[in-house]
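Scroll down for the structure; my scribbles are underneath it.
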Amino acid sequence: MWDLVLGDRRINSLRLVAPMWNGTRGIHRLGGAVVPEGNQKKERTMLQFLTDHFYDVEALRGYLLQREMSKVHLKNRFRDKEWIRPDKYGHFSPEFWNFREVPVEAVDASDCEINYEGLDNLLLLKELQSLSLQRCPHVDDWCLSRLYPLADSLQELSLAGCPRVSERGLACLYHLQNLRRLDISDLPAVSNPGLTQILVEEMLPNCQVVGVNWAEGLKLGPEEQPQDPASPVPA
Amino acid sequence: MIRRVLLHGLGRGLLTRRPGTRRGGFSLDWDGKVSEIKKKIKSILPGTPRDLLPDTSHLPPEHSDVVIVGGGVLGLSVAYWLKKLENRQGGMRVLVVERDHTYSQASTGLSVGGICQQFSLPENIQLSLFSASFLRNINEYLAVTNAPPLDLQFNPSGYLLLASEKDAAAMESNVKVQKQEGAKVCLMSPDQLRNKFPWINTEGVALASYGMENEGWFDPWCLLHGLRQKLASMGVFFCQGEVTRFVTSSQCMLTTNDEMVTLKSIHEVHVKMDHSLEYQPVECAIVINAAGAWSAQIAALAGIGKGPPGTLQGTKLPVEPRKRYVYVWHCPQGPGLETPLVADTSGAYFRREGLGSNYLGGRSPTEEEEPDPANLEVDHDFFQEKVWPHLALRVPAFETLKVQTAWAGYYDYNTFDQNGVVGPHPLVVNMYFATGFSGHGLQQAPGVGRAVAEMILEGSFQTIDLSPFLFNRFYLGEKTQENNIM
């Protein structure tokens with residue numbers, strides 16, 4: 001995080017992150033999206049100059065950055081409850097044991113190597129509301145056919161980027177009648193993403209299905225500008 | 001003197017194989033080397049006869065431990081498990097003899113490809129459950145180096161069986177047995193059915209059973225191809241030819257009741273080539289009858305059923321080919337992506353095919369309506385009169401549909417009790433059966449293959465006990481009836 005703030009060239013990536021850190025002002029000018037380009041350059045150089053030459057300015061900047069980060073953590077909550085994350089070694093803190101009786105509402109298993117047998121553990125969570133299985137390499141159609149026990153509580157499911165999920169597995173999601181948000185974008189094994197999305201939307205009428213970038217198949221005319229990849233996908 | 005004896009003994013063993021016959025794995029490019037040698041000999045001696053070193057690569061080997069008659073999914077499954085469970089790698093030579101390498105009439109390729117656990121017999125349920133886990137982990141079972149992983153195109157959409165008033169009690173007890181065996185099936189009332197699938201007309205339906213997991217349909221060609229590929233890599237021999245004769249040797253023995261019994265054992269199989277009188281006698285130790293719809297002919301060749309009726313010698317193998325039609329139609333307003341394979345109270349069934357509002361299905365004819373199994377011609381009137389009315393009644397959207405194509409295939413129909421025949425014959429001691437599954441052979445093939453391999457290698461069934469499926473029941477008259485047949 002510290003590296004993102006320093007250095008002129010990386011300011012572009014910071015702009016994408018900026019919307020998360022809304023309402024922050026101060027000498028960082030992290031709400032950079034609002035400040036016009038020319039002004040920013042001059043102030044940045046001034047700050048940079050000061051930081052390079054005075055240790056105290058560097059320390060002050062570091063302290064303010066930490067404050068910003070803790071505010072961001074406060075914002076990154078699942079409906080007002082904090083995510084319980086592992087530390088840098090992948091271990092969970094021992095205080096986790098105190099939560100044994102508390103029902104689990106959301107599980108983020110993105111990039112996790114969970115497989116068909118491993119889903120046994122998730123299916124025991126009778127009050128699970130949100131499940132994210134993004135980019136899981138072993139989640140396939142057989143695994144999706146196991147998800148029906150979560151039908152009463154599951155409202156949000158994300159399968160974006162799973163390489164083995166095809167339209168045949170998506171048919172099993174019919175059992176999840178309480179589903180309100182479904183993400184089926186970027187599934188390479190689906191043969192016809194547009195048609196599949198239509199069929200899934202018909203199958204789950206109460207669910208908002210996020211999937212296909214409708215502009216993908218279209219050819220751009222000579223007068224149209226190429227699309228900015230950072231702009232939101234028209235749902 | 002000793003040298004002469006040794007040469008004589010060795011000579012019989014080594015030189016009986018004609019030069020040019022393929023041993024399989026003798027050296028790389030053996031066929032190329034042989035053709036080079038032939039060219040050299042021809043150039044040196046221009047007057048040599050054409051068949052100096054005849055090409056016999058199309059013939060099966062002269063000796064084989066196991067000969068499997070029939071190269072469909074059941075035969076290949078038995079071959080796979082024999083090779084997988086053998087104690088020594090390369091310890092058994094297995095030969096698969098298939099009459100038609102295009103599989104144009106084989107039941108495997110023409111099958112609808114469904115798999116379900118909704119049977120009444122616990123053994124059938126266990127076989128299906130094992131097959132589901134086999135298909136799920138197919139890339140671990142059938143992995144071949146440098147070959148791409150198999151994609152079975154499995155649709156886990158489940159089976160929905162509908163029952164009328166008179167069948168409801170049977171369905172309830174069946175579902176109880178299925179749940180006990182570990183199948184994930186649930187019962188639904190007509191109201192629940194209407195809620196779940198609004199496109200169904202529940203008139204006449206008293207109860208429905210819906211399989212939630214491990215049920216659906218897949219591509220049988222992919223399984224066939226995967227098995228063939230894996231077997232080739234495991235060193236199984238394939239031969240395209242027809243079995244025309246078994247040479248047996250008999251032994252008369254006395255039973256404990258002092259009755260004379262003639263036990264036969266097959267020691268040679270004659271495999272005849274296509275469009276030719278050429279045949280190859282293959283010496284064998286075990287023969288497996290996996291010939292599907294034509295199993296009865298193979299059994300008759302071994303003398304099964306040749307005897308006074310009512311005796312064990314006179315008990316024929318009651319498997320005969322029955323023709324079944326499958327129709328593909330297009331219906332744009334039909335049921336959506338979630339549609340399971342629906343089996344109606346009348347016996348008509350249908351399922352979705354692909355993303356484009358295409359459906360396929362059919363119906364088993366009654367005994368009086370049985371079509372002539374002499375060929376695989378499709379009777380389109382059968383659809384108009386016997387299938388469509390039931391479909392349109394059950395799913396009103398199917399009142400407007402357009403038939404795109406149709407095909408016919410054979411069931412290896414067991415006329416006795418519509419269940420498979422597995423295991424050895426009591427009198428022809430080295431013929432094992434793996435046939436007669438009457439329409440659910442494909443979905444039980446992995447389990448049955450394993451059972452037959454266990455029977456051969458260990459002497460008894462180890463994992464799933466298929467004793468109710470032995471041949472003896474035809475003589476004893478004990479039916480192992482399966483109630484849920486489509």
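The values are calculated or read from the model by the stated rules, or taken from the named source; none is laboratory data. Keep in mind that this is a model prediction, so the values were computed, not measured. Virtual Cβ from ideal backbone geometry, glycine too; neighbours counted across all protein chains shown.
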Could you check how many residues of the range B:43-77 are modelled with pLDDT of 90 or more and assigned to a loop (DSSP other than H, G, I, E, B)?
7
Being among the aliphatic types (A, V, I, L, M), within 14 Å of chain A (Cβ to nearest Cβ) and over 16 Å from the mean Cα position of the chain (by Cα) is true for just one of B:152, B:135, B:85. Which residue is that?
B:152
List the number of the failed condition for residue B:364; all other conditions in (1) touching a strand residue (DSSP E or B) at 6+ places or on another chain (Cβ under 6 Å); (2) crowded, with 18+ Cβ neighbours inside 10 Å hold.
(1)
Tally time: how many residues in the range B:155-176 are buried (at least 19 other Cβ atoms within 10 Å of the Cβ) and either more than 10 Å from every other protein chain (Cβ to nearest Cβ) or part of a helix (DSSP H, G or I) (or both)?
8
So which residues in the range B:266-318 are aliphatic (A, V, I, L, M) and in contact with a helix residue (DSSP H, G or I) (Cβ under 7 Å, 6 or more places away or on another chain), if there are any at all?
B:286, B:288, B:290, B:291, B:312, B:317
Criterion first (of a type in the set (Val, Ile, Thr) and within 14 Å of chain A (Cβ to nearest Cβ)) does residue B:125 satisfy it?
no
Residue count, the range B:177-191, condition within 23 Å of residue B:347 (Cβ to Cβ) and within 14 Å of chain A (Cβ to nearest Cβ), comes to 4
Scope the range B:64-91; condition among the aliphatic types (A, V, I, L, M), out of contact with any strand residue (DSSP E or B) (no Cβ under 8 Å at 6 or more places or on another chain) and crowded, with 24+ Cβ neighbours inside 10 Å; matching residues:
B:73
Over 18 Å from residue A:86 (Cβ atoms), away from every other protein chain (no Cβ under 12 Å) and out of contact with any Pro (no Cβ under 8 Å at 6 or more places or on another chain) - does that describe any residue in the range A:115-126?
yes
Does the range A:158-212 hold any residues that are within 11 Å of another protein chain (Cβ to nearest Cβ), surrounded by 17 or more Cβ atoms within 10 Å (Cβ to Cβ), more than 19 Å from residue A:130 (Cβ to Cβ) and of a type in the set (A, V, I, L, M), and which are they?
A:171, A:190, A:199, A:203
When (1) more than 23 Å from residue B:483 (Cβ to Cβ); (2) surrounded by fewer than 16 Cβ atoms within 10 Å (Cβ to Cβ) are applied to residue B:369, the one that fails is (1)
I'm trying to understand the selection: among the residues of the range B:177-200, which are in a helix (DSSP H, G or I) and over 33 Å from the mean Cα position of the chain (by Cα)?
B:190, B:191, B:192, B:193, B:194, B:195, B:196
Name every residue in the range B:78-105 that is in a strand (DSSP E or B) and among the polar types (S, T, N, Q), in order of residue number.
none
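Which strands (runs of 3 or more DSSP E) does the range B:201-308 wholly contain that include 1 or more residues that are surrounded by 17 or more Cβ atoms within 10 Å (Cβ to Cβ) and within 14 Å of chain A (Cβ to nearest Cβ)?
Details: elements: B:207-211, B:237-240, B:242-254, B:260-272, B:279-289.
Strands (runs of 3 or more DSSP E) meeting the threshold: B:207-211.
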Taking only the range B:309-340 into account, find how many residues are in a loop (DSSP other than H, G, I, E, B) and either touching a His at 6+ places or on another chain (Cβ under 6 Å) or closer than 28 Å to residue B:246 by Cβ (or both).
10
Can you find a residue in the range B:400-415 that is in contact (Cβ under 8 Å) with a residue 40 or more places away in the chain, buried (at least 17 other Cβ atoms within 10 Å of the Cβ) and over 30 Å from residue B:480 (Cβ atoms)?
yes
List pairs: first in the range B:447-471 and more than 30 Å from residue B:311 (Cβ to Cβ), second among the acidic types (Asp, Glu), Cβ under 6 Å, 6+ apart or cross-chain?
B:462/B:454
Does at least one position in the range B:13-29 carry a residue that is part of a helix (DSSP H, G or I) and either surrounded by 18 or more Cβ atoms within 10 Å (Cβ to Cβ) or modelled with pLDDT under 75 (or both)?
yes
